[in-house]
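Remarks on the structure that follows.
Any read-out appearing in this document is the output of simple, stated calculations on the displayed coordinates, not a laboratory observation. Nothing here was measured: the structure is a model prediction, and the numbers come from that model. Cβ coordinates were reconstructed from backbone atoms using ideal geometry, including for glycine residues, and neighbour counts include every protein chain displayed.
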Amino acid sequence: MYIMVVNCGSSSLKFQLMAVPGEEVIAKGTVDRIGQNVAAQFLYATHGRQHAPAPMVAHDHTEAVKYVIEALTSGATAVLRAKEDIAAFGHRVVHGGEQFTASVIIDEAVLRCIEECCALAPLHNPANLAGIRACQQALPTAPNIAVFDTAFHQTMPPQAYHYALPYEYYQRDRIRRYGFHGTSHRYVTETYAALMQQPASAVNVVTCHLGNGSSLTAVLQGHSVDTSMGFTPLQGVIMGTRCGDIDPAVVFHLMTNDGLTAETINAVLNKKSGLLGFTGISSDMRDVQTAAAQGNQRALLALDMWAYGIAKYIAAYVAILPRTDAVIFTAGIGENSSEARALICAKAPGLGLALDADANASRGAARKISAPGSRIPVWVIPTNEELEIARETYELIA
Ligand code: ADP
């Protein structure tokens with residue numbers, strides 16, 4: 001049986017076709033520049049072999065899905081006999097608000113709820129909806145499943161998710177901490193539990209998803225009890241282009257002193273801050289590390305600020321958990337940068353996180369990287385959000 005995992009952005013569609021329950025990736029790829037009236041870039045691989053079909057214009061997500069399905073079912077690159085071989089679509093949906101605490105089979109009522117959540121994620125949910133509708137149109141008989149970035153965090157207690165604003169802002173506008181990257185935090189938690197041969201409900205961990213966007217989560221008995229991102233993915237640690245935690249009064253200062261509009265400030269905080277804004281070099285951790293190695297003082301300081309902020313979140317989460325079985329690093333930076341991991345651990349001397357230099361420098365699969373004397377074991381567990389979406393989709397249709 002095959003499941004198509006779909007992740008739609010406003011102008012892009014990423015997909016993975018996975019065989020289940022074997023979990024083999026049959027095909028994966030991306031269609032970019034959807035709806036831009038230019039030739040879309042469609043790149044994909046089947047069984048690991050790359051293909052770049054002739055450029056075509058994808059006016060909308062429906063056309064993009066059609067191109068993908070055509071490529072997978074016809075010609076020399078076909079991996080399916082017919083589109084009906086796709087048993088279900090699993091969609092990444094960014095915001096499920098307070099309605100969705102787990103993945104769901106999409107029906108009209110679910111679609112309406114996802115639509116209502118567009119106010120909370122105006123850049124993401126409309127694109128996710130477009131992807132769902134495109135798949136419904138392409139293959140009306142196949143179920144569509146929504147897997148929400150926010151769902152894993154719906155177990156946070158009120159003391160963790162409320163902001164101390166007038167209470168009616170929560171009642172009227174649902175302003176609260178939601179948290180994101182839930183699929184990844186859940187995946188690494190469950191992978192860690194499986195490696196420990198324990199049920200997820202038996203493990204307490206601090207998961208650190210460090211990529212372009214970054215968030216940390218305190219996991220108690222397999223459930224998220226706090227997370228660093230908030231009402232939006234802007235809150236928390238320093239990211240590639242996002243500032244993370246700042247005093248909200250900075251916004252009013254920029255408005256009244258510099259005459260910046262809300263729209264400009266929104267763009268600055270989300271797209272022009274973080275590593276990029278502070279260094280003026282790049283949002284990419286590798287570029288910042290290279291500049292730091294060449295002696296660039298601002299890049300060096302940015303790395304210190306980045307790691308210090310993350311260390312503080314780890315310390316806070318270790319403090320609120322009765323016991324921490326492991327600190328887990330994942331995503332682009334968390335999985336690939338031994339320097340970044342070492343710097344973070346060094347910024348929290350009170351936690352006694354001691355790394356084994358060889359294990360930290362090694363690459364590849366899930367592994368423990370702490371030294372035997374470390375007060376808390378430290379792990380690297382590669383994330384796989386597509387696999388988690390496929391698993392949750394399969395569970396709902398099997
Ligand atoms: P996204 O949030 O877009 O999914 P990723 O999880 O792919 O992002 O992470 C991207 C980040 O990972 C970039 O900042 C990139 O520089 C960083 N990264 C990837 N490989 C390395 C590496 N070997 N060393 C340091 N940083 C890396």
Q.
I'd like the antiparallel share, as a percent to the nearest 5, of DSSP beta bridges with both residues in segment 1-114.
A. 85
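Using DSSP loop states and a limit of at most 16 other Cβ atoms within 10 Å to flag trypsin sites (Lys or Arg not before Pro), what is the longest stretch of the chain containing no flagged site?
Details: sites that count: ARG81, ARG174, LYS272, ARG323, ARG363, ARG375.
For trypsin sites (Lys or Arg not before Pro) (loop position, at most 16 other Cβ atoms within 10 Å), the longest site-free span of the chain is 175-271.
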Q. If the cut-off is 29 Å between C-alpha atoms, which lysines fall inside it for LYS83, apart from same-chain ones fewer than 8 positions away?
A. LYS14, LYS28, LYS66
(Q) Tell me the relative contact order for the chain as a rounded percent, counting alpha carbon contacts under 8 Å between residues six or more apart. (A) 13
Q. Assuming R0 = 22 Å, what is the FRET efficiency of ARG298 and PHE231, from their Cβ-Cβ distance, to the nearest 0.05?
A. 0.15
Q. Which one of GLY236, SER184, ILE265 is farthest out on the positive end of the charge dipole of segment 182-273, using unit charges on Cβ (Lys, Arg +1; Asp, Glu -1) and the Cα centre as origin?
A. SER184
**Q.** Folded to 0 to 90 degrees: helix 297-320 orientation relative to the chain principal axis, Cα
**A.** 90
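Per DSSP helix of 4 or more residues, -39500 (n - 2.57); summed, then divided by the residues of the chain. What does that give at 222 nm, rounded to the nearest 500? All intermediate terms of the calculation are to be shown ahead of the outcome.
Numbers: 15 runs with 153 residues, N = 398.
After summing the helix terms and dividing by residue count, I get -11500 deg cm²/dmol.
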Q. Among SER282, SER214, what is the fewest-to-most ranking by other Cβ atoms within 10 Å?
A. SER282, SER214
Q. Using the Cβ atoms and a cut-off under 15 Å, what net charge is assigned to the surroundings of PRO372, where Lys and Arg are +1 and Asp and Glu are -1?
A. +1
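Counting Lys and Arg as +1 and Asp and Glu as -1, what is the net charge of the other residues whose Cβ lies under 14 Å from the Cβ of VAL318?
Working: positive: LYS312, ARG323, LYS347, ARG375; negative: ASP226, ASP325.
Around VAL318, the surrounding residues sum to +2.
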Q) If the cut-off is a Cα-Cα distance under 14 Å, which aspartates and glutamates reach LYS272, setting aside same-chain residues fewer than 8 apart in sequence? A) GLU263, ASP284
Q) Where nothing but the Cβ of Lys and Arg (+1) and of Asp and Glu (-1) is charged, how large is the charge dipole of segment 67-195 around its Cα centre, in debye to the nearest 20? A) 200
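Excluding GLY350 itself, what net charge comes from residues whose Cβ is under 12 Å from its Cβ, given Lys and Arg +1 and Asp and Glu -1?
Once all neighbours under 12 Å are counted, the net charge is +3.
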Q: Rounding to the nearest 20 debye, state how big the charge dipole of segment 136-272 is about its Cα centre with +1 on each Lys and Arg Cβ and -1 on each Asp and Glu Cβ.
A: 160
Q) In debye to the nearest 20, how big a dipole does the chain give about its Cα centre with +1 on each Lys and Arg Cβ and -1 on each Asp and Glu Cβ? A) 580
Q. How far, in degrees from 0 to 90, does helix 385-397 lean away from the longest principal axis of the Cα atoms of the chain, to the nearest 10?
A. 50
**Q.** segment 115-195 shape via C-alpha gyration tensor axes, a/c threshold 1.5
**A.** oblate
Q: Select from ALA366, ILE381, GLY352 the residue farthest towards the positive end of the dipole of segment 347-391; place +1 on Cβ of Lys and Arg, -1 on Cβ of Asp and Glu, and compute about the Cα centre.
A: GLY352
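Taking the number of other C-beta atoms within 10 Å as the exposure measure, put CYS345, CYS113, CYS243, CYS135 in order starting with the fewest.
In order of increasing Cβ crowding within 10 Å: CYS113, CYS243, CYS345, CYS135.
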Q.
I need to check one value: relative contact order of segment 145-243, counting alpha carbon pairs closer than 8 Å and at least 6 residues apart, in percent.
A. 29
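Take the Cα gyration tensor of segment 195-352, multiply each eigenvalue by 5, square-root it, and list the three semi-axes largest first, rounded to whole angstrom. Before the final figure, lay out the partial values.
Details: eigenvalues 170, 79, 32 Å².
In descending order, the three semi-axes are 29, 20, 13 Å.
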Q: Report the one residue of LEU80, GLY334, THR393 whose Cα lies farthest in the direction of the positive end of the charge dipole of the chain (charges on C-beta: Lys and Arg +1, Asp and Glu -1; origin at the Cα centre).
A: GLY334
**Q.** Under 17 Å from the Cα of LYS312 - lysines, other chains or at least 8 residues apart
**A.** LYS347
